[in-house]
Amino acid sequence: LLQSPGANIWIDPGPGTLANLQRHITLESLTAIWISHVHADHFSDILIAWYALAEARRAAPIPVFGPLGWERRVKSFFDPRPDDFLEDVFSVEHLEDGHNVALGGISLTSRQVEHDVPTFGLRASAGTEVVAYSGDSRRCPAQAELARNADVFLCEAYATAPGSAAHEWHMTPEDASAIADQAMVRRLVLTHLSPTMSPQAALARAGRAGALPPIVATDGLVILSDGTYDEDIR
Ligand SMILES: [Zn+2]
């Protein structure tokens, strides 16, 4: 959940995120949804959200930004249904490299990154405050551009070893740290860790000098725009 006084934007509706989202906001107050890519671990909860939102009878469909054809993947789960049932709930928007949209005081810029399916990373800014998100990606030039001088850089670190099969399409903690240094990021937040890598190991490997120490994303973690954080108060 990317939140400002004027916007509630659900970034990557992966499994479990709908439940967590509703700890913070009602679905009726959702401004938009943004999908980095259509691997199931990044968007499957949109199926469940469709049911909830179809009942909520909002005045206007919620804009959903995602790679070309994201809507076909979602619709395939609901077959057979009328052609426009999805559009009653979601307005279909497609991302391209450099796509920009302003929503309730938050400006979202999407950049194509390098993964085994079309994938985007995100740079979100509100005033002078910047939050960047890697999407799933191997290390690529767009990452440092997304993260340049960001207050918070949420970066995947799924690959456990350089040269491993996972490293072809994902980053190691060292990659994440190197991008954060290059981009002069204030706070690096590691996410999407392999089940075989402990948070402690990931943090040790991503250690940076002269910056706020990296942290690992956990359920309910709240990060303020200055890079400070606290565990969620439920
Ligand atoms: Zn992926």
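Here are some notes:
- Single residue of segment 209-234 satisfying the filter (assigned to a strand (DSSP E or B) and over 17 Å from Y133 (Cα atoms)) that is modelled with the lowest pLDDT: E231
- The set of residues in segment 102-117 that are surrounded by fewer than 17 Cβ atoms within 10 Å (Cβ to Cβ) and either within 20 Å of G14 (Cβ to Cβ) or of a type in the set (A, V, I, L, M, F, W, C) (or both) comprises A102, D116, V117.
- Of all the residues in segment 163-189, those that are within 16 Å of the ligand (Cβ to nearest atom) and either touching a Lys or Arg at 6+ places or on another chain (Cβ under 9 Å) or over 24 Å from H42 (Cα atoms) (or both) number 8.
- Qualifying residue in segment 35-46 (condition: small (G, A, S) and more than 16 Å from the ligand (Cβ to nearest atom)): no
- Selection count where residues are in a helix (DSSP H, G or I) and surrounded by 12 or more Cβ atoms within 10 Å (Cβ to Cβ), scope segment 50-88: 10
- Matching residues, segment 26-49, being part of a helix (DSSP H, G or I), touching a strand residue (DSSP E or B) at 6+ places or on another chain (Cβ under 8 Å) and open to solvent by less than 20 Å² (accessible area, probe 1.4 Å): F43, I46, A49
- Check on R57, within 16 Å of the ligand (Cβ to nearest atom) and at pLDDT below 95: no
A quick yes/no check of all residues on (1) in contact with a helix residue (DSSP H, G or I) (Cβ under 6 Å, 6 or more places away or on another chain); (2) among the β-branched types (V, I, T):
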{"residue": "C140", "(1), (2)": "no, no"}
{"residue": "E156", "(1), (2)": "no, no"}
{"residue": "S164", "(1), (2)": "no, no"}
{"residue": "V185", "(1), (2)": "yes, yes"}
{"residue": "T191", "(1), (2)": "no, yes"}
{"residue": "T196", "(1), (2)": "no, yes"}
{"residue": "P199", "(1), (2)": "no, no"}
{"residue": "R205", "(1), (2)": "yes, no"}
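- Just one residue in the set S91, S107 is over 16 Å from the mean Cα position of the chain (by Cα), outside any loop (DSSP other than H, G, I, E, B) and polar (S, T, N, Q); that residue is S91.
- Boolean, T128 is within 23 Å of H42 (Cα to Cα), away from the ligand (no atom under 16 Å from the Cβ) and surrounded by fewer than 17 Cβ atoms within 10 Å (Cβ to Cβ): no
- Residue in segment 92-101 that is free of Cβ contacts under 8 Å to residues at least 12 places away in the same chain, farther than 15 Å from W50 by Cα, open to solvent by 10 Å² or more (accessible area, probe 1.4 Å) and away from the ligand (no atom under 16 Å from the Cβ) present: yes
- Taking segment 191-208 as the range and being outside any helix (DSSP H, G or I) and farther than 21 Å from D116 by Cβ as the test, the residues that pass are S198, A206, G207, R208.
- Take the conditions (1) without any contact (Cβ under 8 Å) to a residue 12 or more places away in the chain; (2) within 15 Å of the ligand (Cβ to nearest atom); R138 misses just one of them, which is (1).
- Some residue of segment 165-186 being outside any strand (DSSP E or B), free of Cβ contacts under 8 Å to residues at least 12 places away in the same chain and not aliphatic (A, V, I, L, M): no
- The C-beta contact set for segment 114-130 (first residue farther than 15 Å from L146 by Cα, second residue open to solvent by 10 Å² or more (accessible area, probe 1.4 Å) and within 12 Å of the ligand (Cβ to nearest atom), distance under 6 angstrom, 6+ apart or interchain) comprises H115/W169; D116/W169.
The values are calculated or read from the model by the stated rules, or taken from the named source; none is laboratory data. Keep in mind that what you see is a predicted model, and the values were worked out from it rather than measured. No Cβ is skipped: glycine too gets one built from the backbone with ideal geometry, and neighbour counts run over all protein chains shown. Note: accessible area is taken over every heavy atom of the protein model, side chains too, but ligands, DNA and RNA are not part of it. Shrake-Rupley method; radii C 1.70, N 1.55, O 1.52, S 1.80 Å.
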